[in-house]
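Beneath this line is the structure, given in structure tokens, with notes to follow.
The values are calculated or read from the model by the stated rules, or taken from the named source; none is laboratory data. Because the structure is predicted, anything quoted here is derived from the model rather than measured. Cβ atoms come from the backbone with ideal geometry, glycine included; neighbour counts cover every protein chain shown. All accessible areas refer to the heavy atoms of the entire protein, side chains included, with ligands and DNA or RNA removed. Shrake-Rupley method; radii C 1.70, N 1.55, O 1.52, S 1.80 Å.
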Amino acid sequence: MKNYNLTIEDGVITWVETTDENGNPIEGILYIPKEATSFTTDAWIALGCDTNGIRVHKDNPVYSSAHNCLLSKDGTKLIKTSKSSDISKLTGLKTIGRDAFQTLGEDPDAFIFRIPDGVEVLDYRAFAVAAQRVEITVPASVVFVNLLAFMIHSEHTHIIFEGDTELRIGAFGTAAEAQHSGFEVYQKMPTVLYPKAENITVTCQPDSKVAAYCKEYGIPMGV
């Protein structure tokens, strides 16, 4: 097992080397030094969630790590997961950040996850996952779900809302939502990239804002 190599320029991680000199995948520990305070988009995409663990230097001013998760310095935002992340052991988590769960291309059999109680916000593309079957339980503490937060590619996606929450238009990433999202890049995506509404089932309270949203945009509801 090798550790990932980072290219850092003026505190910005510009690339994460994910293969060795022979083109073989590197599956090791991602170490973030104290001087690295941000990622470029390319580095972020290259990273994915393929690491076996994540460690951050204790003196890093922006990031921290716990239970193999990359977190904000104060520990309230989950920034990136690894194969060994144990989200259930995190305390004080309030936000699941952009691309925190990113498994597109891995196509595992199942992704089953309960968001910890106390989380309040699911950010843009928080769950950019792909699997044959996906089940995500959203606790009552979640008050806002951002654009494309559940842009999930699966034959069977089940999202369970235990309370009520505000869904930004485009939360599930379907084509029907795109036209009213106000986000041009999302609206102009190739058809094949939109999750299919017929593959999604939402469980929620029948008189909730979530139920009204699903009815408006053709998201099936059931058990």
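Key figures
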read-out	value
Projected area averaged over orientations for the chain, convex hull of C-alpha atoms, nm²	12.6 nm²
Packing-based ranking, highest mean first, of 84-95, 28-39 given that Cβ atoms within 10 Å are counted	28-39, 84-95
Intensity falloff of the stretch 47-167 expressed as log10 I(q)/I(0), Debye formula with alpha-carbon point scatterers, at q = 0.10, 0.13, 0.19, 0.22 Å⁻¹	-0.28, -0.47, -1.02, -1.34
Volume per residue that the Cα convex hull of the stretch 91-223 spans, once the total is divided by residue count, Å³	96 Å³
Inter-site label distance for Glu27 and Lys94 at 7 Å from Cα along Cβ, in nm	3.7 nm
DSSP beta bridge pairing in the stretch 9-85, given as percent antiparallel to the nearest 5	55 percent
Inter-probe distance in nm under a simple model that places probes 7 Å from Cα toward Cβ, at Asp109 and Asn199	1.9 nm
Where N is the number of residues in the stretch 1-109, Cα Rg divided by 2.2 N^0.38 Å	1.02
Cβ-Cβ FRET estimate between Ile8 and Thr76, R0 fixed at 30 Å, reported to 0.05	0.75
Cβ-based charge dipole, the chain, positive-most Cα from Gln179, Ile87, Ile219	Ile87
For peptides 172-181, 146-155, 112-121, sequence by mean Cβ density within 10 Å, most packed first	146-155, 172-181, 112-121
DSSP beta bridges in the stretch 23-172 [antiparallel fraction, %, rounded to 5]	20 percent
Where Asp123, Asp74, Asp99, Asp50 fall by accessible area, highest first, once all protein chains stay in place (1.4 Å)	Asp74, Asp50, Asp123, Asp99
Stretchable slack from Tyr124 to Asp42, in nm (0.36 nm times residue separation minus alpha-carbon distance)	27.8 nm
Heavy-atom accessible area per residue - the chain, 1.4 Å, Å²	48 Å²
Modelled FRET efficiency - R0 25 Å, Glu166 with Arg55, Cβ distances, 0.05 increments	0.10
Segments 129-138, 200-209 sorted - mean Cβ within 10 Å per residue, highest first	129-138, 200-209
Separation between Cα centres of the stretch 12-27 and the stretch 143-201, rounded to whole Å	31 Å
Accessible surface of the stretch 177-223 [probe 1.4 Å, protein heavy atoms]: carbon and sulfur percent	57 percent
Dimensionless Rg ratio for the stretch 24-69, taking C-alpha atoms and the 2.2 N^0.38 Å reference	1.16
